[in-house]
Amino acid sequence: MNCEALLDWLDILHEKSQLDRVGDLAEFTLPVRMFLKAYSWRKIDPVPWATLKKPLAECRLAVVSSAGFVLTGQLPFHESIRGGDYSFREIPSDADVHQLVESHRSGSFDHTGIRCDANLAFPIRRVRELAERGRIGSINHRHLSFMGSITAPGRLIQQTAPEAARLLALDAVDVALLVPV
């Protein structure tokens, strides 16, 4: 599906205003359905949560996406790492969203939308609009892009997430807008 066809499809979808099926496992291939059934999903209890200490209009925000975006010139995510590439890439706040290259390894979803409009999975333009309208205080100078589809998250949890949190804390980020893909 090309970008023009996707936009046509979105217009039709908007006119219908509802989907017949959303999130039906039958949409996936048999190997993916088998994987999803057998996968040992982690349960985190209690769910980590932090209450805002000041109004959102005074907060610094960073985008954290799992779309696997990289900028031209950055190393792509490695598809060969068993369990998934647990690293992240820094995306500068002033990056041109059209320069983002999507390299998500999963074949379990249609990549057309985020390849046509990276804002679907890395909504930096919307974040800029929120800052211009005074809905958020400021935009952090860097954002983080992770690879989704991490089937063995141990290294992500033990190594990468603490480093990402350290960087955002160093930047005095109050809010991370998590965009899972």
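The values are calculated or read from the model by the stated rules, or taken from the named source; none is laboratory data. Owing to the predicted nature of the structure, the values given are computational and were not obtained by experimental measurement. Glycine also receives a Cβ, built like all others from the backbone with ideal geometry; neighbour counts cover every protein chain displayed.
The C-beta contact set for segment 156-181 (first residue farther than 20 Å from Asn119 by Cβ, second residue in a loop (DSSP other than H, G, I, E, B) and among the hydroxyl-bearing types (Ser, Thr, Tyr), distance under 6 angstrom, 6+ apart or interchain) comprises Leu156/Tyr86; Thr160/Tyr86. If we scan segment 91-113, do we find a residue that is part of a helix (DSSP H, G or I), outside the structural domain of Phe28 (by TED's automatic domain parsing) and within 30 Å of Ser40 (Cβ to Cβ)? Yes, segment 91-113 contains a residue that is part of a helix (DSSP H, G or I), outside the structural domain of Phe28 (by TED's automatic domain parsing) and within 30 Å of Ser40 (Cβ to Cβ). Is it fair to say Ser80 is surrounded by fewer than 16 Cβ atoms within 10 Å (Cβ to Cβ), of a type in the set (S, T, N, Q) and out of contact with any Pro (no Cβ under 8 Å at 6 or more places or on another chain)? Considered against the rule, which asks whether it is surrounded by fewer than 16 Cβ atoms within 10 Å (Cβ to Cβ), of a type in the set (S, T, N, Q) and out of contact with any Pro (no Cβ under 8 Å at 6 or more places or on another chain), Ser80 comes out as yes. Tell me, please, whether a residue that is under 22 Å from Leu120 (Cβ atoms) and not hydroxyl-bearing (Ser, Thr, Tyr) can be found in segment 48-61. Yes, because at least one residue in segment 48-61 is under 22 Å from Leu120 (Cβ atoms) and not hydroxyl-bearing (Ser, Thr, Tyr). Considering segment 118-141, the residues that are surrounded by fewer than 18 Cβ atoms within 10 Å (Cβ to Cβ) and at pLDDT below 90 include one that is nearest to Thr29 (Cα to Cα), namely Leu120.
State all residues of segment 142-158 that are in a helix (DSSP H, G or I) and surrounded by 12 or more Cβ atoms within 10 Å (Cβ to Cβ); if no residue qualifies, say none. Selection gives Arg155, Leu156, Ile157. Filtering segment 97-117 to residues that are surrounded by 15 or more Cβ atoms within 10 Å (Cβ to Cβ), out of contact with any strand residue (DSSP E or B) (no Cβ under 7 Å at 6 or more places or on another chain) and closer than 17 Å to Gln74 by Cα leaves only Val97.
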